[in-house]
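Trainee: Below is one structure. I have some questions about it.
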Amino acid sequence: MAQTGTDLTRLAEELLDAFNRSDWDKMRTMIAPDLLYIETGTGRRVESAEAYIELAQSWKRAFPDTIGTVRNILVADDTVAEEIRWESTHTGPLETPAGTIAATNRRVVTDASHWTRFDGELAREIHHYIDVFSLLGQVGALPQ
């Protein structure tokens, strides 16, 4: 049976809520084992549920109080596009492709869009377009 826009919106909201609560077990039930995740801005790409969970956990280690809030949401066919505002404090090591950035205890507010393609009730593909330049500036990792 085809998903409705309401069904897909609910699934996307539940997936974000599981991340916000660091409920990794719940997230595992919501994503396909061969999930493809692409993070534009960092260049990271992972191709399994476990690799995605590990990446999500690394964000939570760097920003344990991270909360994503949906500001806008669109649904078309099997895809949900969310405009998300991420708010957090940088209190742990931030792993980046260029190396680790030590905690700065700075407050960060970063906007992103998060596109999730569903296959039934499982997230099959996620594209996360995050404003990494703004995030790095806010934690003081860019030259002045």
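Trainee: Quick check on segment 35-55: of everything there that is surrounded by fewer than 18 Cβ atoms within 10 Å (Cβ to Cβ) and touching a residue at least 60 places away in the same chain (Cβ under 8 Å), which residue is farthest from D111 (Cα to Cα)?
Mentor: L36
Trainee: Okay, next question. Does T79 fit the bill of being exposed (fewer than 15 other Cβ atoms within 10 Å of the Cβ), polar (S, T, N, Q), within 20 Å of A12 (Cα to Cα) and at pLDDT 95 or above?
Mentor: no
Trainee: Still on this structure, please answer the following. Taking the options D7, D34, D25, name whichever one is in a helix (DSSP H, G or I) and modelled with pLDDT of 95 or more.
Mentor: D25
Trainee: Checking G120 against (1) exposed (fewer than 14 other Cβ atoms within 10 Å of the Cβ); (2) of a type in the set (G, A, S); (3) under 12 Å from the mean Cα position of the chain (by Cα): exactly one of these is not met. Which one?
Mentor: (3)
Trainee: Still on this structure, please answer the following. Identify, from the list L55, L16, the residue that is touching a Gly at 6+ places or on another chain (Cβ under 7 Å), of a type in the set (A, V, I, L, M, F, W, C), in a helix (DSSP H, G or I) and under 27 Å from S134 (Cα atoms).
Mentor: L16
Trainee: Just wondering, is there one or more residues in segment 90-109 that are at pLDDT 95 or above and closer than 27 Å to D7 by Cβ?
Mentor: Scanning segment 90-109, I find no residue that is at pLDDT 95 or above and closer than 27 Å to D7 by Cβ, so the answer is no.
Trainee: Show me the strands (runs of 3 or more DSSP E) found entirely inside segment 68-137 where at least 2 residues are within 17 Å of I53 (Cα to Cα) and either touching a helix residue (DSSP H, G or I) at 6+ places or on another chain (Cβ under 9 Å) or touching a residue at least 24 places away in the same chain (Cβ under 8 Å) (or both).
Mentor: 94-96, 107-119, 122-130
The values are calculated or read from the model by the stated rules, or taken from the named source; none is laboratory data. Bear in mind the structure is a predicted one, so any value in this text is a computation, not a measurement. All Cβ positions, glycine included, derive from the backbone under ideal geometry; neighbour counts span all protein chains shown.
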